Amino acid sequence: MQGSLQYYSILYVDDEIHNLNSFKACFRRQFTVLTASSVAEAFDILKEKEVHLIITDQRMPEVTGTEFLESVMKSYPEPIRMLLTGYADINAVIDAINKGNIYKYIQKPWDEEELRQTLTEGLELYALNKAKKEIAEKLEENNRQMEFILRHSLLS
């Protein structure tokens, strides 16, 4: 997977433009980085592009990161979700886990290498989930075909 990371897209949502620029500067060589400074902009990106991992700041003007991730799950359940915040708010962490189904909670300021590793692990989880889903779909199709053959042979 290490060589194919550029294929995967990460959407980073934060109302602070300098954080978006810093994130993009740090990770654009390893991943396809998409940024949004608002929830509305993030949903526009999600409608237009395939996103594999979403990382969002917790404290934003319109909604919290947890609320955003919870709303994303309804229409876009596949991307791995991460919450990034400079505030150690245990209730935000609990809400994010319970409501937003987050993979990781990351504190600001982030350590670049640590975050790179976390992003890589998140994308590996995405690839694993996708492979599991494809295998399950193939098994269901094989089961349908076997049931058809069995029914046909019983009727013959």
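Just name the residue that is modelled with the highest pLDDT out of those in region 89-101 that are in contact with a helix residue (DSSP H, G or I) (Cβ under 7 Å, 6 or more places away or on another chain) and either part of a helix (DSSP H, G or I) or of a type in the set (S, T, N, Q) (or both).
Residue satisfying both the conditions and the ranking: N101.
What pairs come out if I take residues in region 11-31 that are under 20 Å from I80 (Cα atoms) and pair them with residues that are of a type in the set (D, E, K, R) and buried (at least 16 other Cβ atoms within 10 Å of the Cβ) whose C-beta lies under 6 Å away, six or more apart or interchain?
Partner pairs satisfying both residue conditions: D14/D57; L20/D14.
Filtering region 74-88 down to residues that are surrounded by fewer than 16 Cβ atoms within 10 Å (Cβ to Cβ) and either touching a helix residue (DSSP H, G or I) at 6+ places or on another chain (Cβ under 9 Å) or assigned to a loop (DSSP other than H, G, I, E, B) (or both), which residue is modelled with the lowest pLDDT?
Among those that are surrounded by fewer than 16 Cβ atoms within 10 Å (Cβ to Cβ) and either touching a helix residue (DSSP H, G or I) at 6+ places or on another chain (Cβ under 9 Å) or assigned to a loop (DSSP other than H, G, I, E, B) (or both), it is A88.
If the requirement is being in contact with a helix residue (DSSP H, G or I) (Cβ under 9 Å, 6 or more places away or on another chain) and either buried (at least 20 other Cβ atoms within 10 Å of the Cβ) or not charged (D, E, K, R) (or both), which of these qualifies: L20, L46?
Being in contact with a helix residue (DSSP H, G or I) (Cβ under 9 Å, 6 or more places away or on another chain) and either buried (at least 20 other Cβ atoms within 10 Å of the Cβ) or not charged (D, E, K, R) (or both) holds for just one of L20, L46, which is L46.
Any residue in region 108-129 that's under 18 Å from G65 (Cα atoms): show its pairings with residues that are in a helix (DSSP H, G or I) and of a type in the set (V, I, T) at Cβ separation under 9 Å, as long as the two are six or more apart or on different chains.
Qualifying pairs under 9 Å: W110/T118.
Just checking, how many residues over region 1-49 are part of a loop (DSSP other than H, G, I, E, B) and either β-branched (V, I, T) or under 21 Å from R116 (Cβ atoms) (or both)?
Qualifying residue count for the region: 8.
Among the residues of region 110-144, what is the count of those that are among the aromatic types (F, W, Y) and either part of a helix (DSSP H, G or I) or in contact with an Asp or Glu (Cβ under 7 Å, 6 or more places away or on another chain) (or both)?
1
The values are calculated or read from the model by the stated rules, or taken from the named source; none is laboratory data. Owing to the predicted nature of the structure, the values given are computational and were not obtained by experimental measurement. Glycine gets a Cβ as well: all are built from the backbone with ideal geometry, and neighbour counts include every protein chain shown.
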